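I have placed the structure first, in the form of C-alpha cells, so that the comments after it can refer back to it.
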Amino acid sequence: MIVGILGKPNVGKSTFFSAATLKSVPIADFPFTTIKPNVGMAYLRTKCVHEEMGVVDKPKNSVCANGVRLIPVKLVDVAGLVSGASSGRGLGNQFLEDIMQADAVVHVVDASGSTDLEGQKTTPGSQDPMKDVEMVENEVDLWLLGIIKRDWEKASKLAEQLKTSVAPALAQRLTGIGIDEAMVEETLLRLRLKADRPLSWPPGSLESFVRALLARNKPSLIAANKADLPSAAEKLPALRGSGKTVIPCAAEAELLLRKAAEARMISYTPGDASFKVTKEGLTPAQTRALQLVKEKVLDVYGGTGVQQAIDQAYFGLLKAVVVYPVEDETKLCNKDGEVLPDAYVMNGGSTALDLARKIHSDLAQTFLYAMDARTGMRLSSDYVLKDRDIVRIISSKGHH
C-alpha cells in the first residue's frame, strides 16, 4: 500500500514528506521545487502486542520504542498541482499520473491562507484554504474525466448495440491507476447507472461517476498544514465542515523534532504529544525553538499532525490491519527464536491466505490452515485478518 502526498505548490508538502521520512528533498518558497516524485519510507505507528502478551520484543522488520511499534510504509510526494494541471499545465499530467499510483491521498493544504492558488506567498489569512481543496480535487477529477472520455461515444454505442456492459471498456482505461472492472461496476451500481444503456445516462453522469470512483478507490484526507500560524485558527472550522477528515498539522515543527531526536538532543517518537530534552547545553536558540513547538503545536493540538495523518490514511482510509506472523505460536517466535520479529501492514479485508502469500508465494500454494496464537484455534484460508492478530501459517511443506 502506498500513500501519496498531494497539494498545490508551496503548502509544505515537501516539508511534510521530509519530516515523515527524514529523507532530504528540496524545500523552497516557490512553486515546482519538486519535479520528479519523491519516494520514501515513513512509519505507521501502532501499539505493539508484546506488552499484552507478556514477552520481550525483539523486532526485525520494524522498531519498537516504549511499546510503540513503528512499521515502515511507503510515501510518495508529487509536485504541486496548479489550476490547469489536468490539461498539462505545469507538467500536470505527469504529476497526476504519479499520484494515481497511490492507494490513498494526504492532501496538504495551507490552513493559514498565506499562499494563493499558484502557490505564491501572500498576506497570511488573505486566502481561502477551501478554494485550494476544490481546485486540486477539480484538477484530479478533470484529468480522470479526460481519460474516460477518450472514445467514450464509440464504447457507449458498442455496449448498446451488443447489449453488454460498458464497464470492461471503462476499466481498460483505468487499469494503469489500479482501478479494476469490479470497482467500476460497483460504482455504476451505486449511482444507479445502467451499464448496458450508457447513451441514456443523464447529463453530468460521467462527472458523478469520476467523483464516486475516486472517493471509493483513492480516498483522501486533509492535512491542514501551518496550523500553528495565527491566521489558521479562523480557517480551520471551514475546512472541518468540508465533510473530509481534517488533521491540523505543523510539518516544520515535526521536521525540527525529528532532526533534534536524530541529533540526540531530545527523546521523541513520531506521533508523541511531548518530548524530553536529553542533551545538556542546548543553545538559547535551540531551547527557544523547542519551547515554541511545545507551546504553539504540541500543547494546542496534542501532536504535530504529521504522524497522525499517516496513521489515519492507513488505518482510517485504507482500513489497514497490523498482523504479526510467527512460526511457533506458543513462544511467539520465528525459527531463530526471535520473539514477534515481524509486523505486516495488510489491506483491510485481507485473509490468512493473503498473509501466507505476502510471506512467501510457496507458502500460499501449500497452505493447509493457520493458527491464532492467542486462542490456539485453527483458521481457514478465508479467515479475515483483524488488527493485532498473531498468526502461524501451517503448510504441507512445514509451517511459518
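Who wins for biggest fluctuation among Arg192, Arg69, Arg240 in a Gaussian network model of the chain, springs between alpha carbons below 10 Å?
Among Arg192, Arg69, Arg240, the largest GNM mean-square fluctuation belongs to Arg192.
Which aspartates and glutamates have a Cα lying under 17 Å from the Cα of Lys276, excluding residues fewer than 8 positions away in the same chain?
Glu254, Glu262, Glu295, Asp299
Once you charge only the Cβ atoms, +1 for Lys and Arg and -1 for Asp and Glu, what is the size of the charge dipole of the stretch 145-276 about its Cα centre, to the nearest 20 debye? Each step should come with its number before you reach the end.
On the way: 21 positive and 15 negative charges, 35 e Å.
Dipole magnitude for the stretch 145-276 comes out near 160 debye.
Could you give P(r) for the stretch 353-400, binned at 10 Å from zero, as whole percent values over all Cα-Cα pairs?
Calculated P(r), rounded to whole percents: 30, 59, 10.
What FRET efficiency would be calculated for the residue pair Thr122, Ser83, taking the C-beta separation as r and a Förster radius of 25 Å, to the nearest 0.05?
On the way: r = 16 Å, r/R0 = 0.62.
Once the sixth-power term is evaluated, E becomes 0.95.
What 222 nm value per residue comes from the helices of the chain, counting each DSSP H run with n ≥ 4 as -39,500 (n - 2.57) and dividing by all residues, nearest 500 deg cm²/dmol?
Numbers: 13 runs with 130 residues, N = 400.
When only DSSP H runs of four or more count, the value is -9500 deg cm²/dmol.
Mind listing the phi-derived Karplus ³J(HN,Hα) values for the stretch 107-124, rounded to whole Hz, using 6.51, -1.76 and 1.60 with θ = phi - 60°, and x for any glycine or proline?
8, 7, 10, 7, 6, 7, x, 10, 9, 7, 4, 8, x, 7, 5, 9, 4, x
Taking amide hydrogens as modeled 1.01 Å from N in the peptide plane, which residues meet the under 5 Å criterion relative to Leu379, leaving out close sequence neighbours?
Counting only residues 5 or more places away or on other chains, the set is Ala370, Met371, Asp372.
Picking from Leu96, Leu214, Leu162, which is most flexible by a Gaussian network model of the chain using Cα springs under 10 Å?
Maximum among the listed residues: Leu162.
Normalised by the number of residues in the stretch 321-399, what is the relative contact order in percent for Cα pairs under 8 Å and 6+ residues apart?
On the way: 162 pairs, mean separation 29.9, N = 79.
For the stretch 321-399, the relative contact order is 38 percent.
For the stretch 321-399, what's the radius of gyration and Dmax over Cα atoms, in angstrom?
Just the Cα atoms of the stretch 321-399 yield Rg and Dmax of 11.1, 30 Å.
Magnitude of the Cβ-charge dipole of the stretch 321-399, K/R +1 and D/E -1, about the Cα centre, nearest 20 debye?
Numbers: 10 positive and 12 negative charges, 26 e Å.
That gives a dipole near 120 debye.
Once amide H atoms are built 1.01 Å from N in the peptide plane, which residues 5 or more positions from Glu329, or in another chain, come under 5 Å H to H?
Residues meeting the amide H criterion: none.
Straight distance only, please: which aspartates and glutamates reach the Cα of Lys331 with their own Cα at less than 18 Å, same-chain residues fewer than 8 apart left out?
Straight-distance partners of Lys331: Glu51, Glu52, Asp57, Asp342, Asp372, Asp389.
Just to compare against my own numbers: the Cα pair-distance distribution for the chain, 20 Å bins, whole % per bin, please.
25, 49, 25, 1
Please get the size of the charge dipole for the chain, origin at its Cα centre, with Cβ charges of +1 on Lys and Arg and -1 on Asp and Glu, quoted in debye to the nearest 20.
Here the chain has a charge dipole of around 120 debye.
Give me the percent relative contact order of the chain, please, defined on Cα pairs under 8 angstrom at least 6 residues apart.
Working: 788 pairs, mean separation 65.1, N = 400.
Relative contact order of the chain: 16 percent.
Give the cross-link partners of Lys8 among the lysines, using a straight C-alpha distance below 23 Å as the criterion and excluding same-chain residues fewer than 8 apart.
Qualifying lysines at Cα under 23 Å: Lys23, Lys36, Lys74, Lys121, Lys131, Lys218, Lys226, Lys235, Lys244.
Which of Val297, Met1, Gln161 sits farthest toward the positive end of the charge dipole of the chain, with +1 on the Cβ of Lys and Arg and -1 on the Cβ of Asp and Glu?
Of the listed residues, the answer is Gln161.
Quick check for you: which residues of the stretch 334-369 have the amide N under 19 Å from the point 7 Å beyond the Cα of Ala182 toward its beta carbon?
Answer for this model: 346-358, 364-365.
What does the extension gain come out to for Lys294 and Thr375, with contour length at 0.36 nm per residue minus their alpha carbon separation? All intermediate terms of the calculation are to be shown ahead of the outcome.
Values: separation 81, 0.36 × 81 = 29.16 nm, distance 4.34 nm.
Using 0.36 nm per residue and subtracting the Cα-Cα distance, I get 24.8 nm.
Just so you know, all these numbers are worked out from the coordinates, no wet-lab data involved. Treat the numbers as computed from the prediction; the structure is a model and nothing was measured. Virtual Cβ from ideal backbone geometry, glycine too; neighbours counted across all protein chains shown.
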